[in-house]
1. Are there helices (runs of 4 or more DSSP H) fully within the range 74-148 with at least 1 residues that are in contact with an Asp or Glu (Cβ under 6 Å, 6 or more places away or on another chain) and among the acidic types (D, E)? List them.
2. Do we find that N50 is in a helix (DSSP H, G or I), among the polar types (S, T, N, Q) and open to solvent by less than 50 Å² (accessible area, probe 1.4 Å) in this structure?
3. On the basis of being free of Cβ contacts under 8 Å to residues at least 24 places away in the same chain and under 17 Å from F141 (Cβ atoms), does M32 make the cut?
4. May I ask you to list the residues in the range 54-76 that are in contact (Cβ under 8 Å) with a residue 12 or more places away in the chain and either surrounded by 12 or more Cβ atoms within 10 Å (Cβ to Cβ) or touching a strand residue (DSSP E or B) at 6+ places or on another chain (Cβ under 8 Å) (or both)?
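The values are calculated or read from the model by the stated rules, or taken from the named source; none is laboratory data. The structure presented is a predicted model; accordingly, all values stated were derived computationally and were not measured. So basically every Cβ, Gly included, is an ideal-geometry build from the backbone, and we count neighbours across all protein chains shown. Please note that ligands, DNA and RNA were not included when accessible areas were found on the heavy atoms of the full protein model with its side chains. Shrake-Rupley method; radii C 1.70, N 1.55, O 1.52, S 1.80 Å.
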Amino acid sequence: MNLQDWLFIVTAAAAVGQVGALVALVLQLRDMRKQTKASTAATRNSTRMNVWLEMLTIDRFFCEHPELREHFYGSSKVFGDSPQAQQWEATAEMVLDFAECMLTQREHLDWQADGWGPYYAKLFNESEIMRKFWQHNHFWFKKDLRDFIDNLEKQESPGSGKHKAR
């Protein structure tokens, strides 16, 4: 082997090494992209959950102080003007906000196996307050929750011989 053959071998080896490094870089970038997407989704989910927790805190406040709720929401068009009517509405809103929060986590939950589907079916079948509040205020909530609650009409709640939801 002469010097030219050795230079060719060394150059080819260097080229193969550079191609290998380039392939490794592409694979690392692809993994970083996946990690970035996962991190973004986790951050978005964490932010969403913090907002829901704050909303539930506001709901809880109005449940505990129904006399103040009227000053923010106005008189109850469903149940009247009493503090008890405001408390009923605040409680119904809190239950629905919780359901909406749970629906955002549905990919991590099995609604039927975990009992949430039957729970809400029974709640709507047996609670006139929930049905009336929903009927007048359903537009406050996201489409996912509206679809879920509307589908409760098709379900029988466990242990209830009562009418279907709404």
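1. So the answer is 83-104.
2. Here the answer is no, as N50 does not meet what is asked.
3. no
4. M55, L56, D59, R60, F62, C63, P66, R69, E70, Y73, S76
Residue-wise test of (1) of a type in the set (S, T, Y); (2) farther than 22 Å from K132 by Cβ; (3) within 20 Å of the chain's Cα centre (by Cα).
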residue	(1), (2), (3)
W6	no, yes, no
A38	no, yes, yes
M49	no, yes, yes
T57	yes, yes, yes
F72	no, no, no
S75	yes, no, no
E93	no, no, yes
